[in-house]
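Student: One structure coming up, written as structure tokens, with questions to follow.
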Amino acid sequence: MDTENNTNTGAMRDLKSLSKGELIKLMEELGQPAFRVKQVEDWIWNKNASSFDDMTNLPKSLRTELAGKLTLGGVEEVARQVSEDGSRKYLLRLPDGATVECVGMPSGKKLAVCVSSQAGCAMGCAFCATGGAGFTRSLTASEIYDQVMHVRDDFNTRVTSVVFMGQGEPFMNYDNTLAALRKLNDPEQGGIGARHLTVSTCGVIPMIRRFSHEPEQFTLAVSLHSAVQKTRNILMPGVKKYSLLNLYTVMGEYVDRTGRRPTYEYALIGGVNDTRDEMDALCDFCRDTLAHVNLIQLNEVPGSKLKPSTQRKAEDFLNALARVGVEATIRNSRGADIDAACGQLKQRLS
Ligand code: SAH
Ligand code: SF4
């Protein structure tokens, strides 16, 4: 698999896949005044128009012309689950029929959205429902962006943060992920501050290095899940070729270059990565580095032998990390009653 753009192929191009330059050129070719560009952008990026006919401030003739030349992408909701804690999880269908999940998590005046960067995932992590279901394709930047708009419209409120923790490995779809981050960050589009945009990766080292060179202050999370090579190889076979030692080195470079604190995700799995040796290895990996560890209770995937650890173990890990000066939290799983772990809604419906 590579990290190249993977756009929909079809007779007509998606309006949302045009660059600004291409949109300007198109409006010129259609004999339209320059201000039409801004109007069209407003419809697709702010108002989330689902058809050309919605674009009521464009002349009817232009709407018809556009509809004959271009598609309007968009996502269609095919299923949803609503949690007791207010989270909503959606299964969305993309124009070619591929489906992805995203989640909206409200909290007071805040609304966090969890998006997918790919339909499926090729990394094959043993604990992950998405990993078990295989890979379909990478998403375009606007397909990622549209998930956020869908949730925004459904809650009818501003989105305050986005995490790339749905299906897929964002760094196996680097260009589209970065373009989506920039759209979400752009004051004229998503308008969400870079620090509130978080990418989670299973540890694709060359792309972590590349990410550290991006000028924006995006936030990085790395799924660690074990600091023991043998265990990590079993849990996360897709990143076997990137050793923990190299991950440690590149994270050092990331911190030096950006000055930002990365998060390490650690899902506690009973008898697998919650032993004393695993705890010591995690402490060694994180001590004297800038890091925040998120200790997560494993979300059980139906049919899997892997079971969550105990709350007691999570507290032991928290205390051990505190003793070596590492910031950590036990993350309560949002929407546990709605299959909120990655890939589970899709798996249930397929
Ligand atoms: N591919 C990226 C982002 C999507 S997964 C990555 O792996 O980081 C988002 C997060 O959910 C990751 O930290 C992943 O390890 C975690 N995750 C996957 N399955 C899980 C499960 N069953 N229980 C708890 N966390 C899980
Ligand atoms: Fe892919 Fe992330 Fe799931 Fe691993 S945890 S299979 S990288 S989505």
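Student: In units of 2.2 N^0.38 Å, what is the alpha-carbon radius of gyration of the range 193-319?
Tutor: 1.06
Student: What accessible area, in Å² to the nearest ten, does a 1.4 Å probe give for R182?
Tutor: 90 Å²
Student: While we're looking at this one, here's another question. What number, rounded to the nearest 500 deg cm²/dmol, is the helix-based mean residue ellipticity at 222 nm of the chain, given -39500 (n - 2.57) per DSSP H run of at least four residues and division by all its residues?
Tutor: -10000 deg cm²/dmol
Student: How much length is gained on full extension from E29 to Q311, taking 0.36 nm per residue of separation minus their Cα-Cα distance?
Tutor: Stretched fully, the E29-Q311 segment lengthens by 95.2 nm.
Student: Distance from a point 7 Å along Cα→Cβ of S61 to each backbone N in the range 16-39: keep the residues under 14 Å and list them by number.
Tutor: Only 30-33 fall inside the zone, counting backbone N under 14 Å.
Student: Helix 20-29: angle to the longest alpha-carbon principal axis of the chain, degrees 0 to 90, nearest 10?
Tutor: 10 degrees
Student: By how many nm would the segment from K20 to E216 grow when fully extended, if each residue of separation counts as 0.36 nm and the alpha-carbon distance is taken off?
Tutor: Length difference between fully extended and current span is 68.6 nm.
Student: Here's another thing I want to ask about it. Report the one residue of P59, L282, S200 whose Cα lies farthest in the direction of the positive end of the charge dipole of the chain (charges on C-beta: Lys and Arg +1, Asp and Glu -1; origin at the Cα centre).
Tutor: Ranked along the dipole, the leading option is L282.
Student: Moving to a separate point now. How long is the gain from T157 to S107 if the chain were fully straight, where each residue apart is worth 0.36 nm and the alpha carbon distance is subtracted? Walk me through the numbers before you get to the answer.
Tutor: Details: separation 50, 0.36 × 50 = 18.00 nm, distance 1.18 nm.
Gain on stretching T157 to S107: 16.8 nm.
Student: Express in % the proportion of alpha carbon pairs of the range 100-145 at distances exceeding 17 Å.
Tutor: It works out to 44 percent of all Cα pairs.
Student: If the only charges are +1 at each Lys and Arg Cβ and -1 at each Asp and Glu Cβ, what is the size of the charge dipole of the range 35-182 around the Cα centre, to the nearest 20 debye?
Tutor: Computed charge dipole of the range 35-182: roughly 360 debye.
Student: Let me ask another. What do you reckon, how do E327, E214, E265 stack up by accessible area (1.4 Å probe), largest on top?
Tutor: Per-residue accessible area, sorted high to low, gives E327, E214, E265.
Student: Amide H neighbours of I296 under 5 Å, at least 5 residues apart or on other chains, H built in the peptide plane: list them.
Tutor: Y266, A267, L268, R331
Student: How high is the FRET efficiency between D53 and D175 when r is their beta carbon distance and R₀ equals 35 Å, given to the nearest 0.05?
Tutor: 0.65
Student: Where does the range 30-168 land on Rg/Rh, using Cα atoms and the Kirkwood Rh?
Tutor: A ratio of 1.03.
Student: Which entries in K109/K313; K230/K307; K183/K241; K38/K110; K60/K89; K110/K240 show an alpha-carbon gap greater than 26 Å?
Tutor: K109/K313; K183/K241; K38/K110; K60/K89; K110/K240
Student: Report, please, the projected area of the range 19-107 averaged over directions, based on the convex hull of its C-alpha atoms, in nm².
Tutor: So the mean shadow area of the Cα hull is 7.4 nm².
Student: For the chain, go through all pairs of different Cα atoms, get the mean of 1/r, take its inverse, and jot down that Kirkwood value in Å. Please report the intermediate quantities before stating the final value.
Tutor: On the way: mean 1/r = 0.0472 Å⁻¹.
Value: 21.2 Å, from the Cα pair sum.
Student: For the chain, modelled as a Gaussian network with Cα springs under 10 Å, which listed residue fluctuates most, V162, V228, V199?
Tutor: So, out of V162, V228, V199, the one fluctuating most is V228.
The values are calculated or read from the model by the stated rules, or taken from the named source; none is laboratory data. These figures come from a predicted structure and were not determined experimentally. Cβ coordinates were reconstructed from backbone atoms using ideal geometry, including for glycine residues, and neighbour counts include every protein chain displayed. For the accessible areas, the whole protein counts, side chains as well, though only heavy atoms, and no ligand, DNA or RNA atoms are used. Shrake-Rupley method; radii C 1.70, N 1.55, O 1.52, S 1.80 Å.
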